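Visitor: Before we start, here is the structure in question, set down as structure tokens.
The values are calculated or read from the model by the stated rules, or taken from the named source; none is laboratory data. None of the values given here were measured: they were computed from a predicted structure. Please note: Cβ atoms are built from the backbone with ideal geometry, for glycine as well, and neighbour counts cover all protein chains shown.
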Amino acid sequence: MSMRELLWDEFLGVTLTIISIFEVLPDSFPSAPAEPLPEFQSEPEDAFIVKNRPVKLSCKAAPATQIYFKCNGEWVNQNDHVTKESLDPITGLVVREVDISVSRTQVEELFGLEDYWCQCVAWSSAGTTKSRRAYVRIAYLRKNFEQEPLGREVRLDQEVLLQCRPPEGIPPAEVDWLKNEELIDPALDSNFLITIDHDLIIKQARLSDTANYTCMARNVVAKRRSSTATLIVYVSGGWSSWTEWSECNAQCGRGWQRRTRSCTNPAPLNGGAFCDGPPFQRVTCTTLCPVDGGWTEWAKWSACGTECTHWRSRECQAPPPRNGGRHCSGTLYIYYCVPVCVSALGSGAGVAVYAGLVGALLLCVILVLCVGILVYRRSCRHLHGEITDSSSALTAAFHPGNYKPPRQDNPHLLHPTAPPDLTASAGTFRGPLFSLQQATLDSQHKIPMTTSPLLDPLPSLKIKVYNSSTMSSLELPTDYHGHTLPREPSHSASATLGSLGGRLTIPNTGVSLLVPPGTIPQGKFYEMYLIINKWEKTTLPSDGSQTVLSPVVSCGPSGMLLSRPVVLTLPHCAQLEPPDWTLTLKMQNHQGAWEEVLTVGEESLSTTCYLQVEEQSCHILMEQLGTYGLVGQSAPPRPACKRLQLALFAPRAPCLSLDYSLRVYCIQDTPHALKEVLEVERSLGGVLLEDPKPLLFKDSYHNLRLSIHDIPHSHWRSKLLAKYQEIPFYHIWSGSQRPLHCTFSLERGSLVVSQLTCKICVRQVEGEGQIFQLNTDIQEVQKRYIIYSGGSCLPSSQVGPYAFRLPVSIRQKICASLDAPSARGCDWRMLARRLDFDRYLNYFATKPSPTGVLLDLWEACHQGDADLVSLATALEEMGKSEVLVVMTTDGDC
């Protein structure tokens, strides 16, 4: 059977089927093939039903007398066809185009494994032609990714693979990658490659590739976003070159030399590993001791010369100066040998010589008197009044333990109890401050200028005394850089101290200065001050990997001569257990640069200070006033920990605004740091929501991460775009920025909302953390919480015996009993061990009274709880019963 016959039979079968189903037949059928078979100009395409929107299928054929759609083997009703007929202008053949609509219901009613399909069948007089099958599917895209990208930490230049398997969907989803919400185009950046499996490959990780990456899937139905994967590209640290060896720390004999290197080549970044190995090296050194030159014996006198002189000499050779020793002063003496010359001359010539000598001597005396009178008049030209006897002024103005008030008729005189105005611009403080009574006009109380004690040389002291019609002016202290020291009542203290000593304390900061009795010479009085320097106005003492552990404190006046050490107490924030610190005390020199005074554990006989370190404070025995600060760095191989405080603040009242903010401060765990933050927040109108929480911050180069959680999204919205905030490690460790804080900005849905519950998590990456569990009514914040005021704004000072817990009589008896060395070791050395002051006993051994210095240190360490019990217990264990009897009789223990 031919192909034409087969097609004709099939055509007849189709026709009969249509008649039987729809009872519709064409008016006539072609009797003979007078034209070619239909040819499709367009065939139906696959389509997807999105939601409930139907799809349209269309086809076009020529020549075609009829076109019908068959779907899933069944003919589509003729009434569901939309037919358009036209003539091809070139061939003149009939072109027929037919459209149908397929709904979601039709597709869903299909049973079976095969998808819903439709096909066009076109007739002509030559036969029928069928189109390709067009499949109609219901489009969808599931919500969950089969595999989401995971965050990673990779080293610099490492290859990175971020995998992504999009959700199941019809049609299959297309995948794009976003970097910080920006589309990644591999054509623009060849470092990125997207595989056929939708994975993202970063060929070489760069620092700029540290970002948040998101896989985004999309099709005709919807778009889906994966969870964000954070990629951190870290840099491991590398050592810098070694510095030059330092000078030998011993001026004479055996000592140490030291050189350092820093982990900055490159510095660890984004959590990279710290350099392996020690940051410093130390070797022994020996310095030749200087030998001062010494004179030899005098040589014999020379013969008398023609000028009536003879001389004798000696040499600086016994021994000669070596190794920088001082040279002998002077080389020879010349004397007149008058008798010899007189005997050589005649008697008349002798009389003439004597007369000439006497005349020359008188002329010299007259010249000296003239010069003295001119100097005296010039020095007294600026004085318009009289100077009183300073000894009577001193004895009248000062008494042990108290002070005489100033005269009421001169309000400009300094009041003994009033702190000095350290911000005054009246010049510079040059030495000890004396209290002078106003000079009386009675001439019988005048004293000669040449015998006045005021003419004794005083170290750079300027005092002007005027008549009763004028005021007395005193130049006030400045620092040694020529700028006036900033004075804030809450950060400074001052007092006039004499030989009885005293104590300066800055309230609520842990900073104090103890001046023991006898430190200031008898009969002298000094205006002493104690100031906590502001961070923004101070050059920090830290260097390299060091961190600041205490406030920077200035005490003065600088250059003041002390007869015995004073004790400066500073709070610190070092976590001493376990002992992973290398602690260093630094002092600022006259040029403003910081110099190392001592390193704990490396003291020598040339060390001028002693550092007693306790859990939360340190006590410095020193004989030179100035600006001091405590720094530290990790002692390898273990990293050190720094004690921090976390303080949470909020606005005092939200007013009518929908915005609300929470501020979290990260500060050092010292009273001064907390006091400073409280003062800042008080000026901003903030309140402390909870007690500060402690946090141990490790020297691990990891940042501090802060995040907020569990916000009731129905009433509150966070304005923070990222999932967390971070404070860089170096900002916290170096102490270069004070105070550090992060702000969480929130917005409530309406003004009616007042209840806020959330959690704020603060932790060091790969370290410890804390959680603030907040549940508060923001309308009642002002009523429930009050900012800590920080105590009184006036500085606290104690003068004389009232500043010390140990009476002078008991102190003297303890010193007399323990200063002398004992064969059984029951002396000051045992007392030092009992009081835990025995880290470096050689410092105390160089003092005239080691016991007295130990008791001064005990007074400073027990400022708040000096009840004599600990001291009495130590003496009892030493078997000093005679001292205990004195303490029981004279003291109050």
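Visitor: Being surrounded by fewer than 13 Cβ atoms within 10 Å (Cβ to Cβ) and not charged (D, E, K, R) is the filter here; which residues of the range 45-77 pass it?
Guide: Within the range 45-77, Asn52, Gly73 qualify.
Visitor: Looking only at the range 533-553, count every residue that is buried (at least 23 other Cβ atoms within 10 Å of the Cβ) and not in a loop (DSSP other than H, G, I, E, B) and tell me the total.
Guide: Adding up the residues that qualify gives 3.
Visitor: Going through the range 642-699 one residue at a time, which ones are touching a Gly at 6+ places or on another chain (Cβ under 9 Å), under 30 Å from Ala273 (Cα atoms) and not β-branched (Val, Ile, Thr)?
Guide: Listed by number, the residues that qualify are Lys642, Gln668, Leu695, Leu696, Phe697, Lys698.
Visitor: Any chance you could count how many residues in the range 822-850 are of a type outside the set (Lys, Arg), over 14 Å from Lys880 (Cα atoms) and either assigned to a loop (DSSP other than H, G, I, E, B) or more than 45 Å from the chain's Cα centre (by Cα) (or both)? First the steps, then the outcome.
Guide: First, the residues of the range 822-850 that are of a type outside the set (Lys, Arg): 822-823, 825-828, 830-832, 835-838, 840-846, 848-850.
Filter once more, keeping what is over 14 Å from Lys880 (Cα atoms): 823, 832, 835-838, 840-846, 848-850.
Within this subset, residues satisfying the condition of being either assigned to a loop (DSSP other than H, G, I, E, B) or more than 45 Å from the chain's Cα centre (by Cα) (or both) are 823, 835-838, 840, 846, 848-849.
Residues meeting the conditions: 9.
Visitor: Just to be sure before I move on: is Val283 buried (at least 18 other Cβ atoms within 10 Å of the Cβ), farther than 19 Å from Ser734 by Cα, modelled with pLDDT of 85 or more and not acidic (Asp, Glu) in the structure I sent?
Guide: Working: buried (at least 18 other Cβ atoms within 10 Å of the Cβ): no; farther than 19 Å from Ser734 by Cα: yes; modelled with pLDDT of 85 or more: yes; not acidic (Asp, Glu): yes.
For Val283, the condition - buried (at least 18 other Cβ atoms within 10 Å of the Cβ), farther than 19 Å from Ser734 by Cα, modelled with pLDDT of 85 or more and not acidic (Asp, Glu) - is not met.
Visitor: Counting only residues that are in a strand (DSSP E or B) and in contact with a helix residue (DSSP H, G or I) (Cβ under 9 Å, 6 or more places away or on another chain), which one in the range 109-132 is farthest from Val94 (Cα to Cα)?
Guide: Tyr116
Visitor: Would you point out the residue of the range 286-313, among those that are aliphatic (A, V, I, L, M) and closer than 30 Å to Gln251 by Cβ, that is modelled with the highest pLDDT?
Guide: We begin by selecting, within the range 286-313, every residue aliphatic (A, V, I, L, M); these are 288, 291, 299, 303.
Filter once more, keeping what is closer than 30 Å to Gln251 by Cβ: 288, 291.
Details: Leu288: 80, Val291: 83.
The qualifying residue modelled with the highest pLDDT is Val291.
This table checks each residue for (1) surrounded by fewer than 19 Cβ atoms within 10 Å (Cβ to Cβ); (2) assigned to a helix (DSSP H, G or I); (3) over 23 Å from the mean Cα position of the chain (by Cα); (4) not acidic (Asp, Glu).
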position	(1), (2), (3), (4)
Glu602	yes, no, yes, no
Ile620	no, no, yes, yes
Pro636	yes, no, no, yes
Leu644	no, no, no, yes
Val664	no, no, no, yes
Ile667	no, no, no, yes
Glu679	yes, yes, no, no
Pro694	yes, no, no, yes
Leu706	no, no, no, yes
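Visitor: Shifting gears a bit: List, please: which pairs have Cβ atoms under 7 Å, are six or more places apart or on different chains, and start with a residue in the range 289-303 that is within 24 Å of Asn323 (Cβ to Cβ) and end with one that is exposed (fewer than 13 other Cβ atoms within 10 Å of the Cβ) and small (Gly, Ala, Ser)?
Guide: Pro290/Gly324; Gly294/Ala318; Trp295/Ala318; Thr296/Ala318
Visitor: Out of the residues in the range 126-155 that are surrounded by 16 or more Cβ atoms within 10 Å (Cβ to Cβ) and of a type in the set (Gly, Ala, Ser), which is nearest to Lys56 (Cα to Cα)?
Guide: Out of the qualifying residues, it is Ala134.
Visitor: Can you confirm whether the range 238-255 contains a residue that is part of a strand (DSSP E or B) and either at pLDDT 85 or above or under 30 Å from Leu162 (Cα atoms) (or both)?
Guide: Taking the range 238-255 first, the residues part of a strand (DSSP E or B) are 253-255.
This time we only want the ones that are either at pLDDT 85 or above or under 30 Å from Leu162 (Cα atoms) (or both), so: none.
No, because not a single residue in the range 238-255 is part of a strand (DSSP E or B) and either at pLDDT 85 or above or under 30 Å from Leu162 (Cα atoms) (or both).
Visitor: If you go through the range 34-43 one residue at a time, how many are touching a Lys or Arg at 6+ places or on another chain (Cβ under 7 Å) and in a loop (DSSP other than H, G, I, E, B)?
Guide: Number of matching residues: 1.
Visitor: Among the residues of the range 651-658, is any under 16 Å from Asp669 (Cβ atoms), in contact (Cβ under 8 Å) with a residue 12 or more places away in the chain and surrounded by fewer than 17 Cβ atoms within 10 Å (Cβ to Cβ)?
Guide: If we filter the range 651-658 for residues that are under 16 Å from Asp669 (Cβ atoms), which is where we start, we get none.
Scanning the range 651-658 turns up no residue that is under 16 Å from Asp669 (Cβ atoms), in contact (Cβ under 8 Å) with a residue 12 or more places away in the chain and surrounded by fewer than 17 Cβ atoms within 10 Å (Cβ to Cβ).
Visitor: Only one of Val221, Val283 is in contact (Cβ under 8 Å) with a residue 40 or more places away in the chain and aliphatic (A, V, I, L, M). Can you tell me which?
Guide: Working: Val283 fails: in contact (Cβ under 8 Å) with a residue 40 or more places away in the chain.
The match here is Val221.
Visitor: Inside the range 494-531, can you point out the residues that are part of a loop (DSSP other than H, G, I, E, B) and within 17 Å of Ser554 (Cβ to Cβ)?
Guide: Thr509, Gly510 - these are the residues of the range 494-531 that are part of a loop (DSSP other than H, G, I, E, B) and within 17 Å of Ser554 (Cβ to Cβ).
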